[in-house]
Amino acid sequence: MKKRTTAFESNDKGRIGPSIKEFQQENCKSEQLSKTRVFFLNLSWFGMNVMYLILSVEVVPSQVHALVGSEMKGQMFGAMVASGAIVTFIISPLIGIKSDRLQSPYGRRRPLMVAGTILLILSLFGMAFSAPESIRIKANETCNIDLELRRCASYYVNNLTALRTLDVNMTGINDPKMLIALMTEPTIKNGSIGTYFCFYLCVMACYAMMAVPYNGLIADQTPPAQRGFSSGVMGAMTLSGNIAGAIIGFFFPRMGVVLTYTIMSLMFFICVMLTVLSCPEKATHHQPTNKALSYRDIFTSYWEPLKEHDFRWVFFTRFLMQQGVATVVGFLEYWLGDMVKLPGCWAPEKAVAIILLPLLLSAAVFSVVGGFLSDKMRRRKPLVVGSAILMAVCSFILSGLQGTYAFYAVIPVSLTFGIGFGAYSAVDFALVMDVLPDEKDKAKDLAVWHQALVLPQAIATPIGGFVLDGFNRVNCRWGLGYIILFQITCAYFAISAYLVRFIRKAK
């Protein structure tokens, strides 16, 4: 029977690129890598996660709010994240193709990593100077303003009759016109949302330009016997990067925009350069040129695994799970600013960093515990269902939390959400490995499965933005947008738990 070739394999008559096996033979030494070498090989994950957490959870939501105001912040933030995810989705396979075929005296991966890093840092500073001054209203001027008024001010700019129905006695400001002027004061000077949007898309493209060949570098240089250890180091770098990003985000309101961008750019650059300099590759510039690629065949082959029953249901289960996670994390800062009375007149950017810490720590602990339980029970489905139900309950609780004591109530909710997310993460990869449709096409099939992580970012945030802004216009006094948003998120998790029952191979 004739062997089927894929976009990532080659045959004698029509070579379209080196296989993964060939990469490993060329770049990976037969001896074991030292622990120091494995550390530096995975170090870039630390810088990548520091940057990504600060951008996605702290800086971008804050700057978008400052540039467009409360009324449009949800829709604009959603449009930006969706556009960035689409750019990543389109450009990633093209970067992968280029990296696989690059001819250079420095190897296939590192030149693109360095180029992507430099361009990314330039784009980051473009973002910083597109919205250079985030001049938020001083805390001592607004921390006593009623939350209901804070949510509704942007909708009542031309409706003083509606404004007078609010409880303005709690604000300490008697003149409604003065109150509206204070609450709707422009917060960005010399900023441009259009320029900011363009630089954000450049950052996402350059991030893919660095991350895709970096994944290839790790695969090339890690011996099979050390893949488990390398994966553990990668997980540690990812966790520590997220925690470091949350800590830096805690000081974001005090440090300001430019200093925050400078710190995360330096950390990203140093980590990538240490990886590049400590992990040499073999030269590829003397190798023969490969035959031209057929992009149509490559993209068509990505959808083939979805024809297999179990893989399809694993894909949709993960898709909905990530849809819920992206919605909760993406709109947490806005929810804290509009619905929660923050202690000490904290800025929402500071509060969201504190809320994320218990979530990240509990997720790290229970990813280990969940993996142990999964191996012990030899079952995946119970952990997936239990995790989804736990996160659904947390989302439902968030939909009802608001007011003075909500901040203290949300901390245990965040901790519990992290437990569910960590337990799910522990079996996420194992579940898909159980149902891969074709053993020899693992790389291609896992690339399809990975899109269940990328695509929700392109869908969840814009849906959430329209839900938030649309329902807040209907009833901002209740914060109806947030109530509906988190209940929809609850439904994502519940449906994900239900779909697990259709997976046949996994127990």
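Taking θ as phi - 60° and the Karplus parameters 6.51, -1.76 and 1.60, the scalar couplings of segment 320-331 work out to 5, 4, 5, 4, x, 4, 4, 5, 4, 5, x, 10 Hz in sequence order, x denoting glycine and proline.
For each of Ser278, Ser496, count neighbouring Cβ atoms within 10 Å of the residue's Cβ, then give the residues from fewest to most.
Working: Ser278 13, Ser496 26.
The most exposed by this proxy come first: Ser278, Ser496.
For Gly403, the amide hydrogen comes within under 5 Å of the amide hydrogens of Val340, Lys341, counting only partners 5 or more places away or on other chains and with H modelled in the peptide plane.
I need the calculated FRET efficiency for the pair Arg504 and Ile389, taking r as the beta carbon distance and R₀ as 22 Å, to the nearest 0.05. Let's see the in-between values first.
Values: r = 21 Å, r/R0 = 0.97.
Approximately 0.55, to the nearest 0.05.
Any read-out appearing in this document is the output of simple, stated calculations on the displayed coordinates, not a laboratory observation. Since we're looking at a predicted model, the values are computed, not measured. Using ideal geometry, Cβ is built from the backbone for each residue, glycine included, and neighbour counts are taken over all protein chains shown.
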